Amino acid sequence: MTVPEAEAPLAVELVGITKRFPGVVANRDINLRVRRGQVHAVVGENGAGKSTLMKILYGMQRPDEGTIRVDGKEVAFRSPTDAINAGIGMVHQHFMLADNFTVLENVVLGSEPTRAGRLDRAEARRRIRAISDEYGLGVQPDRIVEDLGVGDRQRVEILKVLYRGARILILDEPTAVLVPQEVDELFGNLAELRAEGVTVVFISHKLDEVLKVADAITVIRAGTTVAEVSPADVTPRDLAQLMVGSELPTPETRESTVTDQVQLSVRGVSLDSAAGGRRLLDDVSFDLHRGEVVGIAGIEGNGQAELVELLIGLRTPRTGTVLLGDTDVTDWPTLRRREAGIGYIPEDRHRQGLLLPSPLWENRVLGHQSRPPSVRGIWIDRRSARADTRRIISEYDVRTPGPDTPAFALSGGNQQKFIVGREMSGDPTVLIAAHPTRGVDVGAQAAIWEHLRQARSSGLATLLVSADLEELIGMSDTLYVMLRGALVARLDPASVTPEQLGSYMTGAALAQGAQS
Amino acid sequence: MSTTLEAPIAEPLRRQGIRGVGGAQWLLISAVILVLLSFVRATTGATDLTSDGTIGAALTLAVPIGLAGLGGLFAERVGVVNIGLEGMMILGTWFGAYGGWQWGPWRGVAFGILGGALGGLLHAIVTVTFGVDHIISGVSINLLGAGLARYLSGVIFTGHSGGGATQSPPGKGAISTFDVPVLSGGWGSPDVLGSLEKHHWFLISDLAGILRGLTVGVSWLTLLAVLLVPATYLFFWRTKLGLRMRSVGESPLAAESLGVPVYRMKYIGVVVSGALAGLAGSFLVIVGANYYREGQTGGRGFIGLAAMIFGNWRPGGLAAGASLFGYADGLQLRQKSAVHGLLLFVALLLVLIAVRAVLRRQFVQALVAAAVAVAFALWFSLSTVVPSGIVSFTPHITTLLVLALASQRLRPPAADGVPYRKGEAG
Amino acid sequence: MTGAPMPVRKPRSVDLAGLGYNVAALVLAIGVAVVIGGLAVELSGHNAISAYRLMLRYAACNQADSSTPCTADSVIDIINRAVPYYLSALAVAIGFRMALFNIGVEGQYRLAAVAAAIAGVEIHLPAVLQVPLMIIIAMAVGAIWAGIAAVLKVTRGVSEVISTIMLNYIALGLISFILSSYLSGNNTDSNNLSIATPDLPSASQMPGFNRLLHDLGLLGSHPDQVPGFLLVAAIIGTVFYFVVERSRFGFDLRASGLNPFAAQAGGVSSARMIVITMLISGALAGLVGLPYLMGQAYSYSSEFPANLGFNGIAVALLGRNKPIGIAFAAVLWGFLERSAQILDLNGIPQEIYVLMQGSIVLAVVVAYEIVRRAKVRRAEREVARQVPEALGGAVEVTA
């Protein structure tokens, strides 16, 4: 790590930025000074206000107070166009790509080369190839984005920014979807960019990565800047202390509670793709025991989502069986599975977990609309549902005025705690948990881990799908790796490292194993 | 298919899109249809199946459907579902008739476009700025369009000769027509196709009839409308603005993050959509009837939308859909008995589809096609005429069938119909 | 993250405030329509205020001026117009509550009315059986016709918006086919050229309430009946409320409408809900033509009222898809239609009522959306005020 030159001029300077939303101050008096040609990390936990700050810098939101200076000149961005013209580019956490467009169309959109009024595809292709070669991105301009993997898409996003001639690059949680090996590749790319004099603003909450890549670090907590530090001067522990005021929670489980009683058994399950081609699930088999947490690792899009939906009854397998205890539930609809004791924490709480405009007590009923206390006969039992919602609110520490509050008004962490509480109601024997702590604050994360641990020790069998490798390694009793729809490895979480896990997830470890 | 029934509906279907059918395939399909039609014409003696009169009528009937379909395309490519096309088309008929009555046909066309565009502007304000559900806004605009036309007629047309609460006075003059020289006798040249058609030779006369129908007595407005199809293609897939507008329909977040003004693109698309619906309406008035009459659009706005879906949100496919519906309409107008011959045509076409399915080892599909083919053949042989009530809904039932058979393979813009609010990207 | 959670009971007055928002939206929308209608009157060279006064007096009194005594004829006429709109809007509303668009009420009610008209002539049972049988036939036909769209959506993924629109046109063609075949086999009077089914026998007619009301001393004698279907509509409206708002089925329905993916994950079968809801919607649509058929015209003819289905959509939107709101909206629709009739006699085009109806719908959907956003903002502020830590470590609003 080179020692940053303190004299390097400021590329970006944010002074006293404040941004309010209804009822909330997202950013309060934030200051950020980024020197030219450096990788500057902005760290903070989920919901600390990093994304809002970056949206302000990229012209997608306008600050209520404060000033922005780029290369020493004060600017007022009205839209991303203004930011782009000032040489700022942003790689978003959720990729901003039109799936049905080609790479070329996605890249040139908004700054298209034209000739005689027509879109000049040849020129666009030439420029994209040139940039791709210069930075070793390996992007093919004529492929449809839909067909690309996660890493390729991220490189397209970076190319989009470089194509616009950006000298200041904002990367918002760029490593969230990458395995350790891909993270290293990305850091290689960043090193090249820095060598070319590009400034990088790197948003993350993964402290090890930040310390590895950054020249300077700004810490944000509860919407405001709390420190500016040099990576040479701090340890991960110091950073955590600055970031959340305490140590970060760790997903460690205590002594094993695994029994030999099989609670859920998946046998030879396959699922065809609707479009034909490669199978979504390929001969998947595993057992889930009482008191056990089985973790599924894998790069997103390798069949984990399909497996989860299949287990909760949203998909029917082409072949294979699913046994709940001794009962064949392969053809059971979702509600019957839930009644039989399967709980489900969905990957995307807004999409599959909640009725956002409805009050919490109605959300409590969802998934339990055939069982007390939610119903009496054919009628919804409003009184009991409200009462039981109050129980969840208090047991799971959901911060809300009451059961009549609409779900959308809660923070992600509180929404997620509520969902966990709901799914634990009715004493399930099996819990399907997909990314249970994704995008929640550390307080909620610690609480959810603790609830999962307690449920495990009282005998719950949990299937844990996650992209957070530490969560997987820490919480699981057994760990499987999923690749192209198949379970390709069974690992011992007690001995495996994130790097090893990553190489299984990409298939690299398997290829090496085959060679040796 | 059972695997997708309970699953989130949109995701798995999205992956398999038809990315346009190649030119060779179009040619082959057209050739097969031509041969089959000729065969049926020769065996049943229903000469109007391929006569220039039928085709000419079909062209005139297809144009408003196609224009409405292009209107639908412009809106849905920017991600706004426009079920209000019918109402905008009604505005087009009324304003078109008003302009035609006051100043003559071309001003009428301009007025019709303006009327439709106003409807489009309203739809854009309601759906884009206020974020109201697109279907609800569209339905409301249909009601408002009909109401406004009725009110304005009551106030403005009543009391003038030929005018009333439900009808306008006739327009001043008409848009002139032309015959294509060399082929169909324009500019005093010999009418080659006409003479070929008279002989009733298998295939040759049929082809001549079809070509003559497309080239004789063509209104300049028709020519303009037909040219709008390739123009739309070039616009959306070959220009900068076209790419930006499509991006808004596919991924408004991506577009906004690159500085594409999403609202402006949507406004342009929806207003042009209304303008095209208005043009479709004024075409009905100026070329079709020379006056406005209540109920004149007869649901063509909806049929246009159906043609667009039939065409998989692409101009070429849309034109094919509009031609199909126009042909069914035209045939029914020209010769009711010829519609009966069409039953045999459908039966034969289904036999071919069944054979193709067998060759591709899709046996269930083959069986269904064969069974339906038999049903049509029986219907053909056991009756002599198709009741007019049933003929009238041919386009609608065709639409349903096409959707039922092909909807899994259709590929609408990814963000079609999804309300979008500025500043949500990121 | 300290402090015990505070399950503060949300005060009831919040709901009242919510209602206030909705009423404000409605008043705003009607205000917009009144202004547009008034402008239209002024543009046609008349005084808007006096035109509105004329309309109100005519609707309330059936008289254009105060010199002659009032009668209830206008009120009865408004009820007769409102009942079909009410039924039609309920048919639309049950679909809307789960984000299912039945644009096909138009075709469903007409086809159902034809079936009932023919059944009423062909079947001979005592009135106590005949009338319910006709109602059941009409509901069944409506349900079947809507069911086609449901099946296409569930099995083939065809949007119900397009399929129901297409089915409307197919229904019209089918009706002309059915009528021409039925009448050609049945028409003994060769001079009768009009396309109309034979008149219903008295056993197939729905009695009105005039006799009862007269005997109670509430009503004088009037040419038009207070429709018997008023009672049917009231019963259905009540059942609608309890089923949709209070029952488990209603919960599944609303959940599917709010978030179909969450509903599925919660065990609500979307396919099943689509089919059931569409069948109910179609069955309700089947009732729409009956008040006119069995209580006024007694035959199906080319004069049978059209557009009841499309207006039902408007009435449902205006009434927020709730029975009480819809009742109000249906009466408003009937009022506008009836009261506008007096305008023609005074040289003002009565078509301004169509213009007003159209502008009310558009204004109200915009107003409701504005209100929805205001409610969201208010709820967020409310939560932040009551429980600041509800937003937890997150100080960023993601809703």
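The values are calculated or read from the model by the stated rules, or taken from the named source; none is laboratory data. All of these numbers come straight from a predicted model, not from anything done at the bench. As a convention, Cβ positions derive from the backbone with ideal geometry for all residues, glycine included, and neighbour counts pool all protein chains shown.
Quick rundown of the values:
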quantity: Residue identified as touching a Phe, Trp or Tyr at 6+ places or on another chain (Cβ under 7 Å), away from chain C (no Cβ under 12 Å), in a helix (DSSP H, G or I) and surrounded by fewer than 24 Cβ atoms within 10 Å (Cβ to Cβ) among B:Leu73, B:Leu114; calculated: B:Leu114
quantity: Subset of the range A:317-332 [within 11 Å of another protein chain (Cβ to nearest Cβ) and crowded, with 18+ Cβ neighbours inside 10 Å]; calculated: A:Pro317, A:Trp332
quantity: Helices (runs of 4 or more DSSP H) (entirely within the range B:230-304) containing at least 3 residues that are modelled with pLDDT of 90 or more, more than 9 Å from chain A (Cβ to nearest Cβ) and over 30 Å from C:Thr164 (Cβ atoms); calculated: B:262-283
quantity: Residue count, the range A:179-199 (criterion: more than 20 Å from A:His94 (Cα to Cα) and in a loop (DSSP other than H, G, I, E, B)); calculated: 3
quantity: C:Ser256, sole failed condition from (1) outside any helix (DSSP H, G or I); (2) within 14 Å of chain A (Cβ to nearest Cβ); calculated: (1)
quantity: Selected residue (criterion: nearest to B:Leu253 (Cα to Cα)) from residues of the range A:28-53 that are in contact with a Leu (Cβ under 9 Å, 6 or more places away or on another chain) and at the interface with another protein chain (Cβ under 8 Å from one of its Cβ atoms); calculated: A:Gly47
quantity: Criterion: more than 26 Å from C:Val75 (Cβ to Cβ), in contact with a helix residue (DSSP H, G or I) (Cβ under 7 Å, 6 or more places away or on another chain), modelled with pLDDT under 90 and surrounded by 21 or more Cβ atoms within 10 Å (Cβ to Cβ) - qualifying residue of C:Ser281, C:Ser204; calculated: C:Ser204
quantity: Identity of the residue in the range C:58-88, without any contact (Cβ under 8 Å) to a residue 60 or more places away in the chain and more than 17 Å from C:Gly220 (Cβ to Cβ), that ends up farthest from the chain's Cα centre (by Cα); calculated: C:Ser67
quantity: Conditions (1) closer than 30 Å to A:Ala509 by Cα; (2) in contact (Cβ under 8 Å) with a residue 24 or more places away in the chain; (3) facing chain C (nearest Cβ under 10 Å): number failed by A:Glu309; calculated: (2)
quantity: Single condition C:Pro305 does not satisfy, out of (1) closer than 17 Å to C:Phe96 by Cα; (2) more than 8 Å from every other protein chain (Cβ to nearest Cβ); (3) surrounded by fewer than 24 Cβ atoms within 10 Å (Cβ to Cβ); calculated: (1)
quantity: Single residue of A:Ala98, A:Ala176 found to be under 24 Å from A:Glu300 (Cβ atoms), assigned to a loop (DSSP other than H, G, I, E, B) and facing chain B (nearest Cβ under 9 Å); calculated: A:Ala98
quantity: Residue check, B:Trp101 at pLDDT 95 or above, more than 8 Å from chain C (Cβ to nearest Cβ), assigned to a helix (DSSP H, G or I) and more than 27 Å from B:Glu250 (Cβ to Cβ); calculated: no
quantity: Conditions (1) under 26 Å from B:Lys172 (Cα atoms); (2) not in a helix (DSSP H, G or I); number of the one not met by B:Asn312; calculated: (1)
quantity: Selection status of A:Ser79, within 12 Å of A:Ile170 (Cβ to Cβ), polar (S, T, N, Q) and buried (at least 17 other Cβ atoms within 10 Å of the Cβ); calculated: no
quantity: Those residues of the range B:373-416 which are under 30 Å from B:Thr129 (Cα atoms) and at pLDDT below 85, in sequence order; calculated: B:Leu410, B:Arg411
quantity: First in the range A:117-140 and more than 17 Å from A:Arg164 (Cα to Cα), second anywhere and among the polar types (S, T, N, Q) and outside any helix (DSSP H, G or I), Cβ under 8 Å, 6 or more apart; calculated: A:Gly117/B:Thr239; A:Arg118/B:Thr239
quantity: The range A:112-151, residues that are part of a helix (DSSP H, G or I), small (Gly, Ala, Ser) and within 14 Å of chain B (Cβ to nearest Cβ); calculated: A:Ala122, A:Ala124
quantity: Breaking point among (1) more than 22 Å from B:Met88 (Cα to Cα); (2) out of contact with any strand residue (DSSP E or B) (no Cβ under 6 Å at 6 or more places or on another chain), for B:Arg238; calculated: (2)
quantity: Test: residue in the range A:160-170 that is assigned to a loop (DSSP other than H, G, I, E, B) and within 11 Å of chain B (Cβ to nearest Cβ); calculated: yes
quantity: First in the range B:154-178 and within 14 Å of another protein chain (Cβ to nearest Cβ), second anywhere and surrounded by fewer than 16 Cβ atoms within 10 Å (Cβ to Cβ) and of a type in the set (S, T, N, Q), Cβ under 6 Å, 6 or more apart; calculated: B:Gly164/B:Thr158; B:Ala165/B:Thr158
quantity: Selected residue [in contact (Cβ under 8 Å) with a residue 40 or more places away in the chain, away from chain A (no Cβ under 14 Å) and in a helix (DSSP H, G or I)] from C:Gly347, C:Gly295; calculated: C:Gly295
quantity: Pair list, Cβ < 6 Å and 6+ apart or interchain, from the range B:203-217 residues that are assigned to a loop (DSSP other than H, G, I, E, B) to residues that are at pLDDT 85 or above; calculated: B:Leu203/B:Ser38
quantity: Matching residues, the range A:197-227, being touching a residue at least 24 places away in the same chain (Cβ under 8 Å) and over 15 Å from A:His40 (Cα atoms); calculated: A:Arg221, A:Ala222, A:Gly223, A:Thr224
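To keep it simple, each residue is scored yes or no on (1) among the aliphatic types (A, V, I, L, M); (2) away from chain C (no Cβ under 14 Å); (3) out of contact with any His (no Cβ under 7 Å at 6 or more places or on another chain).
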residue: B:Gln362; (1), (2), (3): no, yes, yes
residue: B:Ala366; (1), (2), (3): yes, yes, yes
residue: B:Val391; (1), (2), (3): yes, no, yes
residue: B:Thr394; (1), (2), (3): no, no, yes
residue: B:Gly417; (1), (2), (3): no, no, no
residue: B:Arg421; (1), (2), (3): no, no, yes
